[in-house]
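The values are calculated or read from the model by the stated rules, or taken from the named source; none is laboratory data. Being a predicted model, the structure only gives us computed values, none of them experimental. Positions of Cβ are generated from backbone atoms using ideal geometry, with glycine treated the same way; all protein chains shown enter the neighbour counts.
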Amino acid sequence: MDLQKYRLIYGGLALSLIVSGCAYAGKEKAAERVAGNLVTARGTTAAPSTVAVATREYILKDSSNTVLSPEKIGSLDNRILMLARNEIFARHGYIFKQKDLQDYFAAKPWYHADSAYKEHLSPTEKQNVALLRNYEAKYADYKLEPSHTDDVHLRGYKGDSSFKQKKMNVDLNGDGCEEGIQLIPPETELGNFKLKVNNITMEVGSELLPYLDIVDLDIDDPYFEIALQMDSQMVFLRSTSFFAYDGETLRQIAELPGFSAHSSMFDGQGRVVSAEESNNFQTWFRDLVFSLDAEHSLHEEQQDFYPMEPSTPLTIKKEIAVQFNKDDTNDAFLLEPGDNVKFLGDDKLGHIKLQTSMGKEVWYTTGDEYVDYSSFFDGLILYD
């Protein structure tokens, strides 16, 4: 969709969740304490839980003997679906050709490679493999892609999202016990969506996409995360909130700008990409990178440079001073009216990288005060 040229005042939304645990025989296994405080539904602080297991043994622990349903897999991200399908073969000792699958299943205590296995599956397993493949295909067709020709960082969803589930039964913390998760639509036109996790229900806003996502930000830890994406025609209002459940409570681990719940936006090793709007020079979107820390929270990784893609062709309207090294004014020189340059990006610290018509990369420093740069440059993208 095209970017809008106006803004709306929008009330902020803060989510705090608590999840009641459920009994499971596997909890007597050695558990690791999750560091950091947890926020309950009433906003009070709870001590870290000792329920979370050290590693997740299974994606879907009953997929070998129980027929799967959309309520168990319909909102799982594509990486989880792929691992769940291969898990069915891994139980028989299938030897994988892909290195990443070899490494993933070799780390499971139940996996024993069997060169004699000939991919025989029971009728239930065959049915489950077919269903998982079906949902992998649905997920692949529902893509997060660049939605504006001027900036590839601005992304929107393409395709049919009707396969996404509003109600899920998912083991969130890897202890073998499923949590009941439900997204309840508004009862009235002006009402709010509600998120229900086990016996806890809360309102979560009226701008929510009509589904939730279950994602796996790091396939090497025991957790699946809940992702709630806030949608809006005003792209600067879009956000994704991630939550991690430890067996007793659930805390928000990040609220990121843009859409970040699609598997194309995270690598499965704890790094997530999200697009942030900037208006300090022109209207554009930077790709920010976030990583999971030891407390299972997402924090932004500072980058030296944030590229504009594709670069924006500009024409100088007023004389400006530029320099080859952004921190050294001794090599400054002037660009004259009529000179053609390209905006390549910035460092988020007020240094703008330009490329001259001769192919030289130079830096232009913006001031602390607001400046209408359209009086200095012709061709800036100004959506707001």
Result of the Cβ filter at 7 Å on the range 105-127, keeping first residues that are in contact (Cβ under 8 Å) with a residue 12 or more places away in the chain and assigned by TED's automatic domain parsing to the domain that holds ILE95 and partners that are assigned to a helix (DSSP H, G or I) and of a type in the set (Phe, Trp, Tyr), at least 6 apart or interchain, is TYR111/PHE105; GLU119/PHE89
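Results for (1) modelled with pLDDT under 95; (2) in a loop (DSSP other than H, G, I, E, B); (3) within 23 Å of the chain's Cα centre (by Cα), shown as yes or no for each residue.
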| site | (1), (2), (3) |
| --- | --- |
| ARG42 | yes, yes, no |
| VAL51 | yes, yes, no |
| THR66 | no, yes, no |
| LEU81 | no, no, yes |
| GLU87 | no, no, no |
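Taking the options VAL129, VAL152, name whichever one is in contact with a strand residue (DSSP E or B) (Cβ under 7 Å, 6 or more places away or on another chain) and surrounded by 14 or more Cβ atoms within 10 Å (Cβ to Cβ). Write out each step before concluding.
Working: VAL129 fails: in contact with a strand residue (DSSP E or B) (Cβ under 7 Å, 6 or more places away or on another chain).
When all the criteria are applied, what remains is VAL152.
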Those residues of the range 367-377 which are surrounded by 12 or more Cβ atoms within 10 Å (Cβ to Cβ) and at pLDDT 90 or above amount to TYR373, SER374, PHE376, PHE377
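If we keep just the residues of the range 325-361 that are of a type in the set (Lys, Arg) and assigned to a loop (DSSP other than H, G, I, E, B), which is surrounded by the fewest Cβ atoms within 10 Å (Cβ to Cβ)?
LYS360
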When GLU255 is run through (1) surrounded by 21 or more Cβ atoms within 10 Å (Cβ to Cβ); (2) without any contact (Cβ under 8 Å) to a residue 24 or more places away in the chain, the failure sits at (1)
Residue count, the range 362-384, condition out of contact with any strand residue (DSSP E or B) (no Cβ under 7 Å at 6 or more places or on another chain), in contact (Cβ under 8 Å) with a residue 12 or more places away in the chain and part of a loop (DSSP other than H, G, I, E, B), comes to 5
Reported set for the range 201-245 where residues are in a loop (DSSP other than H, G, I, E, B), crowded, with 21+ Cβ neighbours inside 10 Å and free of Cβ contacts under 8 Å to residues at least 24 places away in the same chain is ARG238
